[in-house]
1. Whenever you get a sec, line up Asp301, Asp295, Asp272 from highest to lowest accessible area (probe 1.4 Å, protein heavy atoms).
2. Just going by the charge dipole of the range 1-157, with Lys and Arg at +1 and Asp and Glu at -1 on Cβ, which of Thr121, Val53, Ala11 is farthest out on the positive end?
3. Please say if the range 54-130 is rounded, prolate or oblate, where rounded means a/c under 1.5 for a ≥ b ≥ c the square roots of the C-alpha gyration tensor eigenvalues, and otherwise the choice is prolate for a/b larger than b/c and oblate otherwise?
4. Asp272 to Thr418: FRET efficiency via 1/(1 + (r/R0)^6), r the Cβ-Cβ distance, R0 51 Å, to the nearest 0.05?
5. Calculate the spin-label point distance for Thr116 paired with Ser279, positioning each point 7 Å from the Cα along the beta-carbon direction, and give it in nanometres.
6. Can you list the residues, at least 5 places off or on another chain, whose amide H is less than 5 Å from the amide H of Val60, using H built in the peptide plane?
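The values are calculated or read from the model by the stated rules, or taken from the named source; none is laboratory data. Keep in mind that this is a model prediction, so the values were computed, not measured. Glycine also receives a Cβ, built like all others from the backbone with ideal geometry; neighbour counts cover every protein chain displayed. Heavy atoms of the whole protein, side chains included, go into the accessibility calculation; ligands, DNA and RNA do not. Shrake-Rupley method; radii C 1.70, N 1.55, O 1.52, S 1.80 Å.
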Amino acid sequence: MTLSPRARRVAAVLAVVFVLTTVWAAYYLYAETHPSGAGPTGTTVATYSESSVGQFAAAVRPSYLYNNSTEVYGGDVTLFAPITNWINSSITYSLETNRTAAVSLVETFAVTLSTTAWSKTLFTSLNSSSWAATTVATLGFQYAINVSRVVALAAAINSQLDYYGSGYTLSLDPVITGTVEAAGLEQSLALEPELNFSFSGSLITPSGLSYAATGSLLAPPPPTATSGVAGAFPYLALVGSVGGLGGSAWVATRRPEEEPVAPLEEIIRPYDEAIAVISAAPKGTTVTAVATFSDLVKIADTLGKPILRPAGPDPARSTFFVLDGLLAYTYRYSGDGGKSAPAEDREAPPSGPPSGPATPLLVHQLQQEVQWLHRLALDEATAAVARRRVSRALYFIRSGAEEEATVEVEELSRLLATASENSRRSR
C-alpha cells in the first residue's frame with residue numbers, strides 16, 4: 001500500500017496526540033492503583049478528651065506580703081524562696097469518653113532539677129492502671145518540694161562545676177501512654193503534661209498548670225466497589241493509547257514505496273508538439289545531462305528551443321536534446337520512473353577537434369556555470385547576456401582559443417555572482 005505525504009503528515013500529528021494521551025493514561029492508571037491518603041475518612045464511633053491540671057500548696061513563713069499567712073495556694077502565684085519552706089505540688093490527669101470504653105494507661109513520673117548546662121533527676125516512679133468499662137479515667141501525681149534543699153543542691157552543683165547560671169528549674173514531668181478501646185476499635189494515647197517551678201534569684205515562678213487534648217476513634221471506610229469494566233478502564237486506556245502511538249509513529253516514519261515506472265511514451269505524451277524528431281544526435285557539442293524529462297522541458301521553455309529526439313532502433317531508451325549554441329542539454333530515459341540514466345550508461349558526448357591540456361578544466365567550469373545559470377531566476381536581458389557568454393565560450397573552446405574561452409567563462413561567473421547577490425538582497 002502506497003501512503004501519500006498527506007497521510008504521513010496526519011500520522012505525525014496523531015503521534016504527538018497519542019504521546020500526550022499516553023502520558024495521561026499512565027498517570028490515570030497510577031492514580032487509580034495508588035490511591036492517596038486523602039481519601040474518604042471512616043465513621044467516628046467515639047470521641048475522647050484529655051486534660052491535666054497542676055496545683056500546689058506552699059508552706060511559707062509569716063510575712064507582710066501574705067498577711068502573716070503560713071499557706072499559699074496556687075494557681076498562678078509567684079513564690080519567694082527566702083520565705084517558702086515547702087511546696088506540695090500535684091498533677092491530676094483525666095480522660096473522658098462520650099461512650100463506655102476500655103482504658104489502659106501507663107504513667108511514668110520524674111522530677112528533674114536542671115539548668116541550660118546540666119540536669120539531675122531527683123525522683124522517678126512507674127505505675128499502670130486500667131478500666132474495663134468507663135467513661136472517665138483519672139490519675140494523680142504528687143510531690144513535696146523542700147525549697148531550702150533544692151536551693152542548696154543547685155548551689156552545690158554550680159559550685160562544684162564552677163558554673164553560675166542565671167537560674168534553674170524544677171520540673172515535674174509525668175509521661176502518660178496507653179490505649180482507649182470502644183466498639184472494637186483501639187486508639188493509642190500519649191500525653192506529657194509538665195509542671196515547672198523556675199528559680200531565678202529569690203523568685204519561684206510556676207508554669208504548665210493546665211493542658212488539654214482531644215481525639216476520636218474512626219471506623220475504616222467501606223471498600224469501594226468497582227465493576228469489572230470500570231476497574232479495567234485505566235489499563236484499556238493505556239493499552240489503546242500506546243497502540244495508537246505505535247501505529248501512528250510507524251505510518252509517519254514509513255519510507256514511501258517506489259512509484260511504479262511510467263512508460264516513456266506516457267511521460268512525453270503531454271509534450272508531443274514540442275518534440276522534433278531528428279535523424280541523428282547532434283555532433284560537436286558539449287553535453288550537460290539533466291535528471292528528469294521535466295527538467296529538460298523547463299530548459300526548452302526557458303531557451304525557447306525545441307526538444308530534439310534522435311530516431312533510433314530502440315525508442316524505449318531514446319535520448320532527448322535541447323541545443324543552445326554549442327551546448328547540448330540531454331535527457332536519457334532509463335526506465336526507472338522518468339529519471340535520467342546513470343552517468344556510466346549515458347551516451348558519450350561527441351568528440352570535437354583536438355584541444356589543449358586546459359580544455360577539459362574549462363569545459364567542466366563552463367558546465368558548472370551553466371548549471372548555476374539555470375538555477376537562477378534571471379531577468380530576460382541578463383539571461384540573454386549569459387547565454388551569449390556561454391555560446392562564445394563554447395566557440396572559443398571548439399576553436400582552441402583557450403585564453404579567450406577563459407575570459408568568457410570568468411565574465412560569465414562574475415555576471416552570475418552579481419545576479420545572485422542582487423536576487424538575495426531583493427528577497
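1. Of Asp301, Asp295, Asp272, the descending order of accessible area is Asp301, Asp272, Asp295.
2. Of the options given, the answer is Ala11.
3. Here the range 54-130 falls in the oblate category.
4. In this case the efficiency is close to 0.85.
5. 12.3
6. Amide H to amide H, under 5 Å and 5 or more residues apart or across chains, Val60 pairs with Glu71, Val72, Asn85.
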